[in-house]
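The values are calculated or read from the model by the stated rules, or taken from the named source; none is laboratory data. Not measured: the values here are computed from a predicted model. All Cβ positions, glycine included, derive from the backbone under ideal geometry; neighbour counts span all protein chains shown.
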Amino acid sequence: MNPTLKKLIGKIPENILEEANSLLPKGASASKIQKIADKLLEEYDYAKVAAGESVGIVSAESIGEPGTQMTLNTFHFAGVAEMNVTMGLPRIIEILDCRKKIKTPMMEIYLKSPYNKGKDIRKLALSIKETVFEEVTKEFLINIVESKVEIKLNKERLKELGLTLNNLITIIKKGAKGQIQNIKGDSDKITVKVKSKEENLNEVYKFKEKVRKVFVKGIKGIKQVLPVKRGEEFIIITAGTNLKKIFELNWVDKEKTISNDVIEIYDTLGIEAARQALINEVYKVIEAQGLNVDIRHIMLTADTMCTSGVMKGITRYGVVSEKSSVLARASFETPIKHIINAALIGEKDELNSVIENVMLNQAVPIGTGLPGLVTKEKESKK
Amino acid sequence: MAKEETPEKTKAEENKSEESSELSEEEKKEIIEPSEVGIFKQVKAIEFRMMSPKLIKKMSVAKIVTPELYDKEGYPVDGGLMDIRLGVIDPGLRCKTCGAKLKECPGHFGYMELARPIIHISFIAIVHTLISCSCRDCGKILIPDQKRESVEKESEKIQKELGIIARRLYIKKIVTSLKKVNKCPHCNARQYKITIEKPTTFLENDKRVSPIEVRMRLEKISDEDVSIFGINPLASRPEWMVLTVLAIPPVTMRPSITLESGERSEDDLTHKLGDIIRINQRLFENINAGAPEIIIEDLWDLLQYHITTFFDNNVAQLPPARHRSGQPLKTISERIKSKEGRIRHNLAGKRTNFSARTVISPDPMLALDEVGVPKIIAMKLSVPEAVTPWNLKYLKAFLEKGPGKYPGCNYVVRPDGKKKKITDETKEAALEELQPGYIIERHLMDGDIAIFNRQPSLHRMSMMCHRIKVLPGRTLRLNPAVCHPYNADFDGDEMNLHIPQTEEARAEAEILMSIPTQLISPRYGLSIIGCTQDSISGNYLLTKDMEIERNHAVQILTSIGITNLKRLPSKQKVTGKEIFSVLLPSDFHYKGNSRDKEDNDVIIKNGSLIKGVIDSNTIGQEAGLMLRDLHKQYGPKKTITILENIFRLGNQVLLDLGFTTGLHDSDLPEDGRKRIDETLEKAEQDVQILIQQYKDNKLDIFPGRTLRETLELKILELLNKARNETAHIVAEYSTNENATVIMAASGAKGSPLNLAQMAACVGQQAMRGKRIEKGYISRTLSHFKKGDLSPASKGFIRHGFKKGLAPHEFFFGAMTGRDSLMDTALRTPKSGYLYRRLANAMQDIKVEYDNTVRDSGGKIIQFTYGEDGIDVSKSENGKINVKKIIDSI
């Protein structure tokens, strides 16, 4: 970096200086660079936030106001072969609430070198897809008299998945423990005698329903896979997420692979990653709606949700419950609960946030209400 | 049984600041000289505590013993619920306690002695935890001493992370895990399981534990043990949760209303209290008379019910107490709770005087930061102005006119604070006594400061400061360019006007809220105010390729108030670009792009537009980059003037030119229509081919899709393509004189697609991202065969709006129309709630003097705001334009 600009490190954020450095005209004289540096500093100082600026409410407005313009529309089709993802207002609400279960969990799996050029992509994709027993069968036949279930298998599927008959039998045994009396396998069918007192059709039926959903192969939670070419690279888009298991695979590029489930990212990668994911996800939605909201507002929202080190939603159980002021909490939701608990602890409200002072008709300690005036008291004439 | 003690609602204690006591002497002095008004008292902190029975008695002024309210003369009974020691609600009476009149007396508490203790409903869960976790004999907590410390530490931590309720649950869990032996670790007494029979009864071994017993057990718990539960024994002792004394709220809190018939209608709380006193009396009598235990217990339960519903009339297992009409009573917790409750309605929401509201209408000849106020309103609202020796004459003029003539005055405030209404009779007297020190409340005049607002006030630009312009008429007038920040239109919208009454308020409004300071949106760092609609079309036409006589140009410019024509070249004919340039500062440089796809440079050098056309990218709202540059170089005030001029110029040009859109805009020549028909025909055939392929199972399936989904996607893509093609065809045939095209091209309103929908083909109607599927079994309408997959049967509208839609097409259009209507109706409350949550969570986050971002508790949220400390409203779309800085040097 140019030495003149380098001197400004600490006064101006480095990314701005770097941009300036890359844009410097070639062979500019030292005095010109100095002038540029001075002007840069002047402009930056002008653009800095003033102390007392109520950035919180500005951010809330900036996200809340365009919220009224967003569509509720859940579905969209960006490309013909893309997946349906929850977008718009429901998605924003979902993220800011910190819902444990999101509507459409999704992953984008990036691959390591030989595979990202498309090698074995279909096979890899198929190998992580969650397969349940039902999918490798053609037909279930129930023999009422002998309380037996006869399962006809889909051989092609089995071959595709690289499974054998014996594999399947062990899987079923494991999956439906205690319900099987004996199990027999023939080339393309499995016959199971169900354990039941007397000829109880109910038990047999129960077994059939259970065995259908027995997990056979792949990674749990991944409902759908879709190999896609993104730019030069091949990636796998999945419906359903399981980051932990995916990261265990050695052909996955762990640095790029992401999930849209923020809570899951928090659980596997920690709070910093979750914060970034939060920002990215919210920004993605707002951008897709063609709305213009500055990233700083989203950052601040994400930071308020993450400062405690745990993800907290913007709900009465999350961020709001953490407030220091009793009255501020009470003015949001469930006021009685907050007041009762405050009485038990003997809480003292120091009145240093906005809403309590509004309640008491006092100046709010934000913006112009923040500074105090220090003067010498006049000697009283007695 | 201890006779005092009893908790009640929590009580807020006001800690007056230390300084206030020191100030008190000065305070008195200043009241004598009322010309100086300032803040003398400030609440520093509020402490929350439970009320002990002792405290209740101490703060009470009367013991209430009788349920009677008034005697025969209608005078409040002593010792009754409306006792005038508790405050006054009748005009003319004076409070026996403080001697103040109605509205001055704040009201005073009373108390009543309960015959038997009653458990407070709000503390049931806590009482349960306490008695089931402590020994029934010695009252010690059921945790062995050696474990005590670790439990205390852990619970401390849990409270910090998850709150006090989680802490209690934790203690309960620990105790139950330890309780396997069923013996107290301290005194070896046997313990039994205690359960709650909802709502208020405790059972031990299926035997009832009376409130007296409960209270005794709670008394036994030591202060040290209490604090393990996270309860501060100084603030609230557990035995206070069982009431022995009930505080009677002051009458001012439950005033009765006199009906037209002269009858009195008492407040819900008074009714409830009357019930309580009546039952309590009967209970007393029965106990004294030595009635059988069953009767006493029945009455006790009844008292418990009444006191419970007095606090909370929404307890799950209890039938709510009702009026005779069957409507549930509104008792204490209902008064506090919810949107209409005390907190959100009265404390967090304020009401105001000196405000006005009417319908709004546009007036482009107003300045951007002006608001047109009808004379009727200007004569009702007022601004206080202090009389000094220097303005005495000036202010006397207002007084002379009185309230009926404009500009006059409505009130005069004397130095002792007395307000006098001015009428024609009192005018003379007031004139006589007027002297410095008086305050005159004069009518609004041009140039006064007002705050203008439109609901919903979603962002700070929904409340801005305007200068008043008094106008004839009955509507509030505003410049149409400021509609956008308010999100206002003129289809009947109403807006509010507030007149700040103090010098401080006016200063803040002017410096922080005036339109010039709100020009740049803090949401994205671009100008939120810009030209709209006609003014964009006008400027577009002007700067495109217009050339007019100089005389004509001068006429246009002067008609919008531009008289300095030095910069208009003195040629026979001048171009539109030259006319536009007259409005710009002579040292302004700008480089940007217009909406046109090719050849879209807009270059302004030395204040003259050299190349390019002006459109919404340059001067539009939310986008106008030129406006952002002007703001940066010349500051907000000048930008506003320039914007005003540009806005008026656009309108004037259009007015001069004549501009209208109509049916003929969507006319197409014969061969154009033919081509469109062919295109649509072709698309339909292609779809049929696809359907055939689908039926023959020959379709290439998209990965991760079923056959049917693939077909749908392919059809959708094909039909969309076809519609877009028709749009191209329409565009080819439409000329540059076509008003619809002009509006679309300039970015004023509409898009080429809108024109195509009118002229050629409306296109596919989609619901939930798919073609229309709902309706009858395997078909959308009975017009079609079952299983028909053709475009027409699935909501493709092939006609244009001009030609008219076929009945089924119209129906499909109505379907999607209804769908989007529902969407908006459902979205509004959802987004409103999200906004409320966001605002509540983040309202006290601010930048501190050390540049960190913190919340009200001092917790750091960010070390530097937005990672670089840049204020969005001072940035250019969130960035510092480094390139421009370097280029400028």
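Within the range B:345-365, the set of residues being among the hydrophobic types (A, V, I, L, M, F, W, C) and either in a helix (DSSP H, G or I) or away from chain A (no Cβ under 14 Å) (or both) comprises B:Leu347, B:Phe354, B:Ala356, B:Val359, B:Ile360, B:Met365.
How about the range A:343-368: which of its residues are more than 38 Å from the chain's Cα centre (by Cα) and more than 7 Å from chain B (Cβ to nearest Cβ)? Selection gives A:Asn361, A:Ala363. When B:Lys859 is tested against (1) at the interface with chain A (Cβ under 7 Å from one of its Cβ atoms); (2) surrounded by fewer than 20 Cβ atoms within 10 Å (Cβ to Cβ); (3) over 30 Å from A:Ala330 (Cβ atoms), only condition (3) is not met. For the range B:310-346, a residue qualifies if it is within 26 Å of the chain's Cα centre (by Cα) and of a type in the set (Ser, Thr, Tyr), and the qualifying residues are B:Ser333, B:Ser338.
So in the range B:765-778, with the set limited to residues that are in a strand (DSSP E or B) and out of contact with any Gly (no Cβ under 7 Å at 6 or more places or on another chain), which one is modelled with the highest pLDDT? Residue satisfying both the conditions and the ranking: B:Tyr776.
Take the conditions crowded, with 24+ Cβ neighbours inside 10 Å, more than 27 Å from A:Thr268 (Cβ to Cβ) and in contact with a helix residue (DSSP H, G or I) (Cβ under 8 Å, 6 or more places away or on another chain) and apply them to A:Ala342. Does it pass? So A:Ala342 fits the description; yes.
Name every residue in the range B:630-647 that is at pLDDT 90 or above and of a type in the set (A, V, I, L, M), in order of residue number. Within the range B:630-647, B:Ile640, B:Ile642, B:Leu643, B:Ile646 qualify. Of all the listed residues (B:Asn487, B:Asn496), the sole one being at pLDDT 95 or above and either crowded, with 21+ Cβ neighbours inside 10 Å or under 30 Å from B:Arg836 (Cβ atoms) (or both) is B:Asn496.
Can you tell me how many residues within the range B:130-180 are away from every other protein chain (no Cβ under 14 Å), surrounded by 14 or more Cβ atoms within 10 Å (Cβ to Cβ) and not in a helix (DSSP H, G or I)?
11
Tallying residues that are in a loop (DSSP other than H, G, I, E, B) and touching a strand residue (DSSP E or B) at 6+ places or on another chain (Cβ under 9 Å) within the range A:112-140 yields 6.
For B:Leu399, state whether it is in a helix (DSSP H, G or I), touching a residue at least 40 places away in the same chain (Cβ under 8 Å), touching a helix residue (DSSP H, G or I) at 6+ places or on another chain (Cβ under 7 Å) and not polar (S, T, N, Q). When the stated conditions are applied, B:Leu399 passes them. The residue that is farthest from the other protein chains (Cβ to nearest Cβ), among those in the range A:299-312 that are buried (at least 24 other Cβ atoms within 10 Å of the Cβ) and touching a residue at least 40 places away in the same chain (Cβ under 8 Å), is A:Met305.
Considering A:Ile109, A:Ile57, A:Ile63, the condition of being at pLDDT 85 or above, part of a strand (DSSP E or B), surrounded by 16 or more Cβ atoms within 10 Å (Cβ to Cβ) and of a type outside the set (Ser, Thr, Tyr) is satisfied by A:Ile109 alone. A:Ile121 fulfils the conditions (1) touching a Ser or Thr at 6+ places or on another chain (Cβ under 8 Å); (2) at pLDDT below 90 except for a single criterion, (1). I'd like to check something: does the range A:225-244 contain any residue that is surrounded by fewer than 21 Cβ atoms within 10 Å (Cβ to Cβ) and among the β-branched types (Val, Ile, Thr)? Among the residues of the range A:225-244, at least one is surrounded by fewer than 21 Cβ atoms within 10 Å (Cβ to Cβ) and among the β-branched types (Val, Ile, Thr), which makes the answer yes. Only one entry in A:Lys254, A:Lys210, A:Lys177 is more than 14 Å from chain B (Cβ to nearest Cβ), in a loop (DSSP other than H, G, I, E, B), at pLDDT below 80 and under 36 Å from the mean Cα position of the chain (by Cα), namely A:Lys177.
Just to check your reading of the model, which residue among A:Ala28, A:Ala20 is more than 7 Å from chain B (Cβ to nearest Cβ) and without any contact (Cβ under 8 Å) to a residue 40 or more places away in the chain? Result of the check over A:Ala28, A:Ala20: A:Ala28.
Per-residue answers, yes or no, for (1) assigned to a loop (DSSP other than H, G, I, E, B); (2) more than 27 Å from B:Gln621 (Cα to Cα):
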residue	(1), (2)
B:Gly804	yes, yes
B:Ala814	no, yes
B:Gly817	no, yes
B:Lys884	no, no
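A quick yes/no check of all residues on (1) within 14 Å of another protein chain (Cβ to nearest Cβ); (2) in contact (Cβ under 8 Å) with a residue 12 or more places away in the chain:
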{"position": "B:Lys698", "(1), (2)": "no, no"}
{"position": "B:Phe702", "(1), (2)": "yes, no"}
{"position": "B:Glu717", "(1), (2)": "yes, no"}
{"position": "B:Ala722", "(1), (2)": "no, yes"}
{"position": "B:His728", "(1), (2)": "no, no"}
{"position": "B:Glu732", "(1), (2)": "no, yes"}
{"position": "B:Asn738", "(1), (2)": "no, yes"}
{"position": "B:Ala748", "(1), (2)": "no, yes"}
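Consider the range A:38-49 and keep the residues that are under 17 Å from B:Lys879 (Cα atoms) and more than 7 Å from every other protein chain (Cβ to nearest Cβ). The one that is surrounded by the most Cβ atoms within 10 Å (Cβ to Cβ) is A:Leu41. Cβ separations smaller than 9 Å between residues 6+ apart or across chains give the following pairs from the range A:313-326 residues that are touching a residue at least 24 places away in the same chain (Cβ under 8 Å) and at the interface with chain B (Cβ under 7 Å from one of its Cβ atoms) to residues that are of a type in the set (Lys, Arg) and in a loop (DSSP other than H, G, I, E, B): A:Ser324/B:Lys859. Just one of the listed residues (B:Val383, B:Val387, B:Val359) is among the β-branched types (Val, Ile, Thr) and in contact with a Ser or Thr (Cβ under 6 Å, 6 or more places away or on another chain), and it is B:Val359. Checking B:Lys207, B:Lys183 one by one, the residue that is under 20 Å from B:Ile141 (Cα atoms) and surrounded by fewer than 16 Cβ atoms within 10 Å (Cβ to Cβ) is B:Lys183 and no other. For the range B:809-829, the set of residues classified as surrounded by 14 or more Cβ atoms within 10 Å (Cβ to Cβ), out of contact with any strand residue (DSSP E or B) (no Cβ under 9 Å at 6 or more places or on another chain) and at pLDDT 90 or above consists of B:Phe811 only.
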